[in-house]
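First comes the structure, then the notes that go with it.
Each reported figure results from applying straightforward, stated rules to the coordinates on display, with no laboratory input. The shown structure was predicted, so the numbers you read here are calculated from the model rather than taken from an experiment. Note that each Cβ is placed from the backbone with ideal geometry, even for glycine, and that neighbours are counted across all protein chains shown.
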Amino acid sequence: MWKIVFGSVQGTSHVQSGKPCQDFCDGAVVGTSAVAVCADGAGSAELSHLGSKAAVERFMEVATVESAPTREQIESWVDAARARVLEEAAANETPLRQLACTLLVAIVGETWAAFAQIGDGVIVFDGPEGYEVAFWPDNGEYANTTRFLTDEAYRQHLRIEIVERQVIELALLTDGLQMLALDFGQAKVHDRFFAPLFKTVRNGPDTELLHASLLEFMDSKRVNDRTDDDKTLLLATRNATDVAPSLPDPTP
């Protein structure tokens with residue numbers, strides 16, 4: 001069984017400007033699998049918070065976990081999420097670009113994991129030699145830009161990876177935390193950022209307290225001093241009894 005904790009915090013720049021938090025995230029344990037989806041609304045898009053919410057909720061509705069999905073199945077679920085954003089744009093009588101958002105997806109079964117992503121943000125999971133990223137953040141052609149689910153050519157920028165082994169620890173985060181989570185100079189994950197977070201989730205008995213602690217961490221001065229953007233973080237750990245005994249512990 002999995003333990004999942006997630007939350008979003010409004011960036012300090014959005015607090016000052018009066019903009020809502022444009023991130024949205026959800027996670028659930030379905031049978032013995034974990035499903036996690038996050039989206040980050042474009043800062044320049046007036047209703048991107050609605051786009052993020054619509055995309056995440058629709059993907060959670062349509063994704064199935066009976067077996068490892070095919071690339072075609074994942075593409076169809078992403079298509080469904082985008083179609084829901086289109087419906088939301090029509091309902092608000094606004095151009096689709098006003099609901100622009102990224103999309104990060106992880107579906108993890110007993111002996112497999114499937115990841116998909118459009119745009120920036122990070123999906124992190126344990127590997128044989130430390131934490132790995134499913135995809136390096138896609139920052140587009142220019143500085144401070146990225147790809148969006150709402151782009152006409154979104155399928156060209158949809159990245160999918162299916163891993164055929166057991167994943168024990170999983171994290172999804174939006175770009176507000178990228179500078180803390182990644183070493184851009186060496187293009188790798190900051191293990192020391194994730195190891196204590198996973199340890200806390202694994203050992204914490206109360207998910208409500210863990211959720212409160214997660215929000216407090218993301219809204220702390222030391223984090224806000226590094227980023228003024230909205231921040232979303234989802235952490236999931238597999239219970240020790242569900243870990244294959246032949247696998248090494250990925251944390252120090």
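Of note:
- Taking Phe59, Phe184 and counting other C-beta atoms within 10 Å, the order from fewest to most: Phe184, Phe59
- Between the amide H of Ala42 and those of Ala100, Cys101, Thr102, distances stay under 5 Å, these residues lying 5 or more places away or on another chain, with hydrogens modeled in the peptide plane.
- Rg ratio (alpha-carbon, reference 2.2 N^0.38 Å) - region 98-202: 1.09
- Those Cys residues of the chain for which no other cysteine Cβ falls under 4.7 Å: Cys21, Cys101
- Put in order of Cβ neighbour count within 10 Å, fewest first, the listed residues Ser67, Ser48, Ser13, Ser8 become Ser67, Ser13, Ser8, Ser48.
- Two-site FRET efficiency, Asn139 against His190, from Cβ-Cβ distance with R₀ of 25 Å, rounded to 0.05: 0.85
- Over 24 Å between alpha carbons, listed pairs Lys3/Lys221; Lys53/Lys221; Lys19/Lys53; Lys3/Lys231; Lys199/Lys231: Lys3/Lys221; Lys53/Lys221
- Footprinting exposure proxy ranking of Trp77, Trp112, Trp136, fewest other C-beta atoms within 10 angstrom first, gives Trp136, Trp112, Trp77.
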